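Engineer: Let me give you the structure first, and then I'll get to my questions.
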Amino acid sequence: AQLYGDLLGTPEAAELIPLKARTATMKALKQKLVQPEDLAPLVYIQLRLYGLDQPVYDHIVIDEAQDYSPFQLEALKLCQLHSSMTILGDLQQGIHRYAGITSWTELTNVFDEQEQGYFELDRSYRSTMEIIDFANRILGSMGDGVKPAVPVFRSGEPVETMEHGTDRERLAEAVRTVRDWQEGGSYRTVAVLARTARSA
């Protein structure tokens, strides 16, 4: 941890990492606290300096890989005699944009080109064509790293949105809609989703 803190104080680190992030990390390290995003560099330093008695993993499977950083994969590679990983994910389902990746090449670049395979599954069986088309329009702003999902032929009701009005008006509309659905008996369960627990 001392070496990591010293590295964050170098001019090279100042060019790459914002001052606020470096200051917060160095302060936490002095209090013997570590943020999740600092675990990979700390493990990497430890393994490069001291290694392992023997490789721990023959094969590693990572799900939700869109939330991983290339640094985390580099640290995991040091726990294997030969790199062998299955990496699965969906860029459209990233939780924290600042912590994950925006393109799969960020992760594939960690491996030699001759030792990797990249395969895309774009067929969606989860939703109707209307929902998939709506989601593709919203997610289209994510850039080149994201390809639209291809729905299977299962049609449903059109997606309805309420884009205008105050928060209070949108809340009242949501309440009316849920009550209408409950009284109509068309649905056994109704879920209301919100971005955060506070807004929910």
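Engineer: Of everything in the stretch 24-58, what is surrounded by fewer than 13 Cβ atoms within 10 Å (Cβ to Cβ) and among the polar types (S, T, N, Q)? Give them in sequence order.
Structural biologist: Selection gives 31, 35, 54.
Engineer: Which of the numbered conditions does residue 95 fail, given that it passes all the others? Conditions: (1) β-branched (Val, Ile, Thr); (2) surrounded by 10 or more Cβ atoms within 10 Å (Cβ to Cβ); (3) modelled with pLDDT under 90.
Structural biologist: Checking residue 95 against (1) β-branched (Val, Ile, Thr); (2) surrounded by 10 or more Cβ atoms within 10 Å (Cβ to Cβ); (3) modelled with pLDDT under 90, the one that fails is (2).
Engineer: While we're looking at this one, here's another question. So which of 163, 183 ends up being over 30 Å from residue 123 (Cβ atoms) and not β-branched (Val, Ile, Thr)?
Structural biologist: None of the other options fit; the residue is 183.
Engineer: Let me ask something else. Quick one: is residue 12 closer than 14 Å to residue 71 by Cβ and either outside any helix (DSSP H, G or I) or open to solvent by 80 Å² or more (accessible area, probe 1.4 Å) (or both)?
Structural biologist: Considered against the rule, which asks whether it is closer than 14 Å to residue 71 by Cβ and either outside any helix (DSSP H, G or I) or open to solvent by 80 Å² or more (accessible area, probe 1.4 Å) (or both), residue 12 comes out as no.
Engineer: If you don't mind, another one. Need pairs with beta-carbon distance below 6 Å; first residue under 25 Å from residue 87 (Cβ atoms) and within the stretch 120-137, second assigned to a helix (DSSP H, G or I) and of a type in the set (A, V, I, L, M); sequence gap 6+ or separate chains.
Structural biologist: Filtered contacts from the stretch 120-137: 124/132.
Engineer: Follow-up. Return yes or no: is residue 30 farther than 27 Å from residue 103 by Cβ and in contact (Cβ under 8 Å) with a residue 24 or more places away in the chain?
Structural biologist: So residue 30 fits the description; yes.
Engineer: Could you grab me the full set of residues in the stretch 59-88 that are among the charged types (D, E, K, R) and surrounded by 15 or more Cβ atoms within 10 Å (Cβ to Cβ)?
Structural biologist: Scanning the stretch 59-88 gives 67, 74, 77.
Engineer: Those residues that are surrounded by 10 or more Cβ atoms within 10 Å (Cβ to Cβ), modelled with pLDDT of 85 or more, closer than 21 Å to residue 134 by Cβ and not charged (D, E, K, R), I need them from the stretch 154-191; list them, please.
Structural biologist: Result: 156, 158, 159, 174, 177, 178, 181, 187, 190.
Engineer: Continuing with this model, one more query. Inspect the stretch 45-61 for any residue being closer than 30 Å to residue 150 by Cα and at pLDDT 90 or above and give the result as yes or no.
Structural biologist: yes
The values are calculated or read from the model by the stated rules, or taken from the named source; none is laboratory data. The structure displayed is predicted, hence computed values, not measured ones. Please note: Cβ atoms are built from the backbone with ideal geometry, for glycine as well, and neighbour counts cover all protein chains shown. Ligands, DNA and RNA are excluded from the accessible area calculation, which covers all protein heavy atoms including side chains. Shrake-Rupley method; radii C 1.70, N 1.55, O 1.52, S 1.80 Å.
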